[in-house]
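**Q** Next up is a structure, given as structure tokens.
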Amino acid sequence: MEARTADADIRPRTNPARIWGFRHREKTVGIFCAFLLLRAFLCNRLPDTRSFPFRPFHPLHFPRRLPSTMPDRQDVINFAAGPSTLPTSVLETAAAGLLNYNNTGIGLAELSHRSPAFIQLTKNVVDAYRRLLSIPDTHEVLLMQGGGMGQFSAVLLNVLSAWRLANPTAQSATLDYVVTGSWSAKAASEAKRLTAGSIAKVNVAVDARAASADGKTFGAIPPTSEWKLTDDAAFVYYCDNETVNGVEFKPSFPYAALPANSKNLVADVSSNVLSRPIDVSRHALIVAGAQKNAGIAGLTLVIARKDLLVSTDDAFALGGIPVVPHMADYKRHADNESMYNTPPMFAIYVSGLVFEELERRGGVAEAERAAKEKSRIVYEAVEEGEREGVFEGKVQKDARSRMNVVWIIKGDGAEKRFLEGAETRGLKALKGHRSVGGIRASLYNGISVPQAETLAKYMREFIASERAARA
């Protein structure tokens, strides 16, 4: 046999298989790349730089469905009761900061909460909140966790501790609760549970269910002449806006109804905070979950009068009251500048962005003007539906919430038709709370006047279609 030369094993340089690498593993990679390019072509969509300005191109970022089936933010209006809609500009900035906060090269969620950058951020957030609500120096702002439900306990335990230190030999204490809806009813129920076996007792000064036709539902605020407030209560608790029931104190809580000796007024303003001014000086405590008008879930904003920042351990040592967990201790949080433990960093960041945006738009005064206009637009549509026998309002006019508009759709299957029609129009989260049913449109600061008009337009279209179907 003729000996093969070394050159005999060298394949031609023009061999396509060698040039393009379509051999075994290389062939698989080539086919996969071709598939991704075809997918990109069919989707006819580049990466969404509006929502994610920082995201680099990557073929796997293409949607699994065609764009025609994927609504964008401008295609929907979110009327959810909380967590609720936020300005798109806030979300875009927050998304960028999650990857690279303030050009540090570190994502916000990765920063140390003891770092100078984050300490400055929390200071800015507190300062902005003070400006927006005109919080006086007599009150401290705490950035806590646990939401409004967590404050059911914290409020009671801290104010009762301050009361105990001021009344070391007292044998009894009364806690007044003004119950105007589901939320304040839960607060009173939790207070009864927490004070069992202590010297404190809960007095439900008013239960608004008594003012309803069936004695079971919330839909009005009884006149203050019917309230049974205690002359020397340790505190008086109220919820400024009842999210579930759509009941709100208007134009504000009736301060004149308080007994002369009443010193500690406590307000939960979770669902209407920053939608109108509130007289902070009249309150011992003002608490708010951020996830409706002030940011996202995770942060609880507490405004506490400084004389309530007491040693809860010293108060407990006097006996007769419950011990206060450290995580609920206002003084401990104040002494540590809201960093007794790792705070909800991203939620604080988002709230700061919300505050900045609100200040740019004109502050609380502008938010109040817009809230009145939005609620007027929607309530007028509700009233039109009432006249036509299609809708039924659930709250007396003098107690109707500007934030949470609630009503009933009358007729068999009508509510389902209403919600299905709303969904096709991009009007989201209009179903009422599971405990009461019906319809609920939440008009928080993130909802614009034109968006409220869009809802009202659909409501009138639905009224007309129902009227025609019944003719």
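**Q** With a cut-off of 12 Å, note down the residues of the stretch 448-462 whose backbone N falls inside the zone around a label point 7 Å from the Cα of residue 424 toward its beta carbon.
**A** Only 462 fall inside the zone, counting backbone N under 12 Å.
**Q** Roughly speaking, what is the stretch gain from residue 252 to residue 113, that is 0.36 nm per residue apart minus the C-alpha to C-alpha distance, in nm to one decimal?
**A** Numbers: separation 139, 0.36 × 139 = 50.04 nm, distance 3.71 nm.
Answer, rounded to one decimal: 46.3 nm.
**Q** Just to be sure I follow the definition: excluding the sites themselves, where is the longest run in the chain that has none of the GluC sites (Glu not before Pro) in a DSSP loop with at most 16 other Cβ atoms within 10 Å?
**A** Between the exposed loop sites, the longest stretch runs 3-336.
**Q** Over the chain, with every protein chain in place, what whole percent of the accessible area is carbon and sulfur at 1.4 Å, could you tell me?
**A** Carbon plus sulfur share of accessible area: 54 percent.
**Q** May I pose another question? Only helical DSSP H runs with n ≥ 4 go in: add -39500 (n - 2.57) per run for the chain, normalise by residue count and round the 222 nm mean residue ellipticity to 500 deg cm²/dmol.
**A** Working: 12 runs with 173 residues, N = 471.
Dividing the helical sum by the residues of the chain leaves -12000 deg cm²/dmol.
**Q** Probe of 1.4 angstrom, ligands and nucleic acids ignored: what's the accessible area per residue over the chain, in square angstrom? Please list the in-between numbers first.
**A** Numbers: 23650 Å² over 471 residues.
Per-residue accessible area for the chain comes out at 50 Å².
**Q** Considering only protein heavy atoms, what is the solvent-accessible area of residue 228 at a probe of 1.4 Å, reported in Å² to the nearest 10?
**A** Per-residue accessible area (residue 228): approximately 140 Å².
**Q** Return the percentage of antiparallel bridges among DSSP beta bridges fully within the chain, rounded to the nearest 5 %. Walk me through the intermediate numbers first.
**A** Numbers: 22 of 41 bridges.
Around 55 percent of the beta bridges assigned by DSSP in the chain are antiparallel ones.
**Q** How large is ³J(HN,Hα) for each residue in the stretch 416-431, as worked out from phi by the Karplus curve 6.51 cos²θ - 1.76 cosθ + 1.60 (θ = phi - 60°), to whole Hz, x for Gly and Pro?
**A** So the J values, rounded to whole Hz, are 4, 5, 4, 5, 5, x, 5, 4, 5, 9, x, 8, 9, 6, 9, 5.
**Q** Any chance you could check the Cα centroid distance between the stretch 164-243 and the stretch 116-130 for me, in angstrom?
**A** If we compute the Cα centre of each part, the gap is 35 Å.
**Q** Need the C-alpha centroid separation for the stretch 255-278 versus the stretch 384-427, integer Å.
**A** Result: 30 Å between the Cα centres.
The values are calculated or read from the model by the stated rules, or taken from the named source; none is laboratory data. Keep in mind that this is a model prediction, so the values were computed, not measured. Cβ atoms come from the backbone with ideal geometry, glycine included; neighbour counts cover every protein chain shown. Areas reflect the complete protein model, heavy atoms only, side chains present, ligands, DNA and RNA absent. Shrake-Rupley method; radii C 1.70, N 1.55, O 1.52, S 1.80 Å.
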